[in-house]
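For reference, the structure discussed in these notes is given below.
The values are calculated or read from the model by the stated rules, or taken from the named source; none is laboratory data. Model, not experiment: these values are computed from the prediction. Quick reminder, even Gly has a Cβ in these numbers, built from the backbone with ideal geometry, and neighbours come from all protein chains shown. In case anyone asks, the SASA skips ligands and DNA or RNA and just uses the protein heavy atoms, side chains included. Shrake-Rupley method; radii C 1.70, N 1.55, O 1.52, S 1.80 Å.
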Amino acid sequence: MASLNPSGLPPLDCGGSTLDRSRPQVMGIINATPDSFSDGGSLYRGQRLDLDAAMERARSMCVAGATILDVGGESTRPGADPVSEGEELERVVPLVERIAAELDVVISIDTSSAAVMRETAAVGAGLINDVRALERPGALEAAAATGLPVCLMHMQGQPGTMQQRPDYTSVVEEVAAYLEARMAACEAAGIGREQLVLDPGFGFGKTLSHNLQLLQALPRIEALGAPLLVGLSRKSLIGKILERDVHERLAASLALAVLAVERGAWIVRTHDVRETADAIAMCTALAGVADAEETT
Ligand code: 9MG
């Protein structure tokens, strides 16, 4: 039986390593892409990923408090160019292999490709993060075969066009219904509910109002019965409210991280690990005081 921590929640088993469910976790973003939305190409030298630079970024994120690193080889920003499976494999497999060999951290693989899931699991990935919620052909079966936990994210449309006309009758209920249906599909494919993490997909086919409604209603998504991951770091909803460039969104990203944790988020995906870990530590400290009061 899985051991329980003081919260009563079993840790998430990530293929050998575990993640503590009693406190929020920080996921650092490692974009092995030449064109991601806020740090695109920063790990590239000409046409090639600089593995040493990527390892340096990974190491410094671990030192800063990341317990998970999300490695992605496909940019999913609005309008991004599609990437072939071969190119995606070339970008991420050597990096996942090196991180697994050199760092004590859970490696999340940000992919929708069955081949990338299989090949990165074989070299040390511990979590699958799929913005298409295992909808691509073969993805459900591949993820199930790895035995790894999966983050199922909601997206309306496809990255190229998803921000053109997002449309919902009730964004919260539609996102909840979609995630519930994908959880059922996972279960039918042999991926247990205890292996799932859910993500409402901030910025993926959503207007500013949709994003804010979802943030406010995070407890409704958590009530589906799986822990939550949120990605709000530097996203355009901040730009829409503050009219700030992507590199001037740190304070707002931290505020959103805290608001999300307050509403039940467990994993916070971020470009700015040290600052996010500090902000979340304040939430954890406050929750500790509240817990102590309840037991005295
Ligand atoms: C890959 N990626 C980019 N943004 C993301 C988000 O908000 N959530 C998840 N799970 N993945 C994301």
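The magnitude of the dipole of the chain, with charges of +1 and -1 set on the Cβ of Lys/Arg and Asp/Glu and taken from the Cα centre, is near 400 debye. Ranked from largest to smallest solvent-accessible area, with a 1.4 Å probe on the protein heavy atoms, 282, 61 come out as 282, 61. Rolling a 1.4 Å probe over the protein heavy atoms gives the chain an accessible area of 44 Å² per residue. Amide hydrogen proximity for residue 128: with H placed 1.01 Å from N in the peptide plane, the residues at 5 or more positions away or on another chain lying under 5 Å are 109, 150, 151. I'd like the distance between the alpha-carbon centres of segment 32-94 and segment 111-148, rounded to an integer number of Å. Distance between centres, Cα-based: 17 Å.
Within the chain, helices built from complete DSSP H runs that reach 15 Å or longer along their own axis (Cα positions) and carry a mean Kyte-Doolittle hydropathy of -0.5 or higher are 51-64, 85-102, 171-189, 250-262, 273-295. Of 279, 259, 246, which is farthest along the charge dipole of segment 246-290 in the positive direction, counting Lys and Arg as +1 and Asp and Glu as -1 at C-beta? In segment 246-290, that residue is 259. Subtracting the Cα-Cα distance of residue 20 and residue 284 from 0.36 nm times their residue separation leaves 93.7 nm of extension gain. For the chain, the alpha-carbon radius of gyration amounts to 0.94 times the rule-of-thumb value 2.2 N^0.38 Å expected for a compact globular protein. When +1 charges are put on Lys and Arg Cβ atoms and -1 charges on Asp and Glu Cβ atoms, the dipole computed for segment 180-296 relative to its Cα centre reaches about 520 debye. The portion of the accessible surface of the chain made up by carbon and sulfur, rounded to a whole percent, is 52 (1.4 Å probe; DNA, RNA and ligands excluded).
Toward the positive end of the charge dipole of segment 23-153, with +1 on the Cβ of Lys and Arg and -1 on the Cβ of Asp and Glu, the farthest Cα among 58, 44, 76 is that of 58. Segment residue 241..residue 194, full-extension length gain: 13.3 nm, with 0.36 nm per residue of separation and the alpha-carbon distance subtracted.
Using the Karplus relation 6.51 cos²θ - 1.76 cosθ + 1.60 with θ = phi - 60°, the per-residue 3J(HN,Hα) values for segment 41-49 come to x, 5, 9, 9, 10, x, 8, 10, 5 Hz, with x marking Gly and Pro. Short-range pairs are left out: with C-alpha atoms under 8 Å and at least six residues apart, the relative contact order of the chain is 17 percent.
Dividing the Cα radius of gyration of segment 1-158 by 2.2 N^0.38 Å, with N the residue count, gives 1.02.
Separation of segment 6-22 from segment 155-212 is 24 Å, based on Cα centroids.
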